[in-house]
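Single-structure report; data block below.
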Amino acid sequence: GNFNPEKNILVSYGTFAEDMATLSFPEGEGDGPQTVTPDNDQFWFISFDIAPDATLGAKAGLRVGQSSCFHVAYPHSVSGENIPFESTETEIKPAGSTMLVSPQDAGREQVTQADSDVKVMSLNLKVLPHEESVIWEGVNIHRTGTGDDADISAVKVYRDDGSGGFDPEKDELISTGTDSFNEGLSEIFFPETGRQTISQETQLYHIALDIANLAGVGKDIGIEFKTPHDFKILDSPDYAGSNDIVFELENINVESSSFYPDTVEIEAGTHIEWNWRSDGHNIVPLEIPSESDWEGNVSLEDSGFRHTYNFHIPGVYEYKSEGVDDMFGVVVVKEREPVESTEATIEEYWDIITVTPLRDDYGNPWTPETVDRGEKKVLMDAFQLNTRIADAGWSGITIYLEGEEGNLEEQPIAENIENVQVWHDATG
């Protein structure tokens, strides 16, 4: 009951026409007509060949809708007991490819509380030559600096509109716009409509931050990527697939009697391509880190051939060509330093306090028409105070007395008021 094309027998094959395929098993073709017996150990399988140019992200499945879909010889018939049946739909994903990510620091030295869409990093993304497109579906962004998670209210990823400059009004927001940091990490997965097809043509992206209204004044904030696998692509190594991500490229020529350069020093997350410039050479690993799966290219190849490998495991890789004596090469892979943005210092927002006097439906203040002599705590007026963004300290008020002298003209107005108070409605 196991599907194994190397051992199973191909009965028939064909193509779909208008979403339907009819396969016949005539005598003399393939395995011919099939014999169904009472033996419960008989199994048949239906498989698809996915087109090399199939639409990425499309889904495909099959359905057998009725018993007449099975063509059997008269007078036999097919029971409808377990029909219809259908497979699940499988998503078409890219074949193994390598995505090159080139981050560039775009941070600035200072930001202000409540700043929005502060650009901190640019990203150029593409797949390597000769490789198929991949689907970029998310990214891990690490916070740096003395600030806290709460100092950044949102982390955003934008697709550049083609101008090359960051403009949040024109560039396309591909993340949710509400992602935030948790213990220094923002793990962003794009909504389905925001997933990006990365091809061999370079595409520019921008990473921006929203600074919290009450971000800590004097603290520093920035971002970093620790490894290329902070970037998530469908079927990437993080999803047990064959796609990969690198930050850098390196080329080595396979000359007639030497590798050029014969020694390279790179950081983990670098893609190396060997290009044959002469005939009759191979690449045979001699000493490599035990965790590495690099097998080189042991078959002898001629000019125009190329071999590639993505180096993620630090260590020393020694190799040779068997086509010429004493033709050796060395790749030294170092631990990768994080790719960091400039850390910006948070400055205080200079807010404006708005004063809103409270009035009744007729526009009148809450002042009573008359009061009794000696009455205490007479409400004369009320107002609201609000800032636009940040907290602001209120330390006092100057009040001017208005009024008339009354019956005792010789007594100043101020002497009619024993004292004045300011109250805060703590109940809201």
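Read-outs throughout are calculated quantities, based only on the coordinates presented, and are distinct from any laboratory measurement. Remember, it's a predicted structure, so these values are computed and weren't measured experimentally. Positions of Cβ are generated from backbone atoms using ideal geometry, with glycine treated the same way; all protein chains shown enter the neighbour counts.
Using the Karplus curve 6.51 cos²θ - 1.76 cosθ + 1.60 with θ = phi - 60°, what ³J(HN,Hα) values do you get for each residue of region 55-71, in whole Hz, with x for Gly and Pro?
Computed from phi, the couplings for region 55-71 are 5, 5, x, 5, 10, 9, x, 9, 9, 9, x, 7, 5, 5, 5, 8, 9 Hz.
Report the relative contact order of the chain, percent, no decimals, based on alpha-carbon pairs under 8 angstrom and at least 6 residues apart.
Relative contact order comes out at 14 percent.
Where in region 326-428 are there chymotrypsin sites (Phe, Trp or Tyr not before Pro) that are in a DSSP coil and have at most 14 other Cβ atoms within 10 angstrom of their Cβ?
In loop regions of region 326-428 (DSSP not H, G, I, E or B), the sparsely surrounded chymotrypsin sites (Phe, Trp or Tyr not before Pro) are 350, 362, 366, 394, 400, 423.
Could you list 424, 206 so that the one with the fewest beta carbons within 10 Å of its beta carbon is first and the one with the most is last?
Fewest-to-most ranking of 424, 206: 424, 206.
Nearest 5 is fine: what % of DSSP beta bridges in region 211-344 come out antiparallel, could you say?
65 percent
With no solvent and one point on each alpha carbon, what is the Debye value of log10 I(q)/I(0) for region 27-177 at q = 0.09, 0.15 Å⁻¹?
-0.59, -1.00
Hey, of (i) 35; (ii) 55; (iii) 38, which did the structure itself give for percent of Cα pairs over 38 Å apart when calculated?
Only one listed value fits the structure, namely (ii).
Can you tell me the length gained on complete extension of the stretch residue 372 to residue 287, counting 0.36 nm per residue apart and subtracting the Cα distance?
The residue 372-residue 287 span can extend by a further 20.5 nm.
Of all GluC sites (Glu not before Pro) in region 244-306, which ones are in loop regions per DSSP and have a Cβ with at most 12 other Cβ atoms within 10 Å?
Sites meeting the loop and neighbour criteria: 291, 295.
Which order do 93, 377 fall in if you start with the one that has the fewest other Cβ atoms within 10 Å?
Arranged by neighbour count, lowest to highest, 93, 377 become 377, 93.
With r defined as the distance between the Cβ atoms of residue 217 and residue 426 and R0 fixed at 25 Å, what FRET efficiency is calculated, to the nearest 0.05?
On the way: r = 27 Å, r/R0 = 1.07.
The value I calculate is 0.40.
Compute the Kirkwood hydrodynamic radius of region 203-331, taking the inverse of the mean of 1/r over all pairs of distinct Cα atoms, and give it in Å to one decimal.
Averaging 1/r across every pair of different Cα atoms and inverting gives 17.2 Å.
Using the Karplus curve 6.51 cos²θ - 1.76 cosθ + 1.60 with θ = phi - 60°, what ³J(HN,Hα) values do you get for each residue of region 190-201, in whole Hz, with x for Gly and Pro?
Per residue, the Karplus-derived 3J(HN,Hα) values read 6, x, 4, 6, x, 4, 10, 8, 9, 10, 6, 8 Hz.
Using modelled amide H (1.01 Å from N, peptide plane; none on Pro or chain starts), what sits under 5 Å from the amide H of residue 185, excluding residues fewer than 5 places away?
The answer is 143.
Could you pull out every residue, at least 5 positions away or on a different chain, whose amide H is within less than 5 Å of the one on residue 121? Hs are placed 1.01 Å off N in the peptide plane, and Pro or chain starts have none.
Here the answer is 106, 207, since their amide H atoms fall under 5 Å of that of residue 121.
Give me 29, 318, 131 ranked fewest to most by other Cβ atoms within 10 Å of their Cβ, as a rough exposure proxy.
29, 318, 131
What is the distance, in nm, between label points placed 7 Å from the Cα along the Cα-to-Cβ direction at residue 389 and at residue 415?
Between residue 389 and residue 415, the label points sit 5.3 nm apart.
Which semi-axis lengths, in whole Å and largest first, follow from the square roots of five times the eigenvalues of the Cα gyration tensor of region 107-163?
Equivalent-ellipsoid dimensions as semi-axes: 29, 14, 11 Å.
What is the set of long-range amide H partners of residue 114 at a cut-off below 5 Å, with H atoms built 1.01 Å from backbone N?
211, 212, 213, 215
Using the Karplus equation 6.51 cos²θ - 1.76 cosθ + 1.60 (θ = phi - 60°), what ³J(HN,Hα) coupling, rounded to whole Hz, does each residue of region 160-174 give in order, writing x for Gly and Pro?
Once θ is set to phi - 60°, the couplings for region 160-174 become 5, 7, x, 7, x, x, 7, 9, x, 6, 10, 5, 8, 6, 9 Hz.
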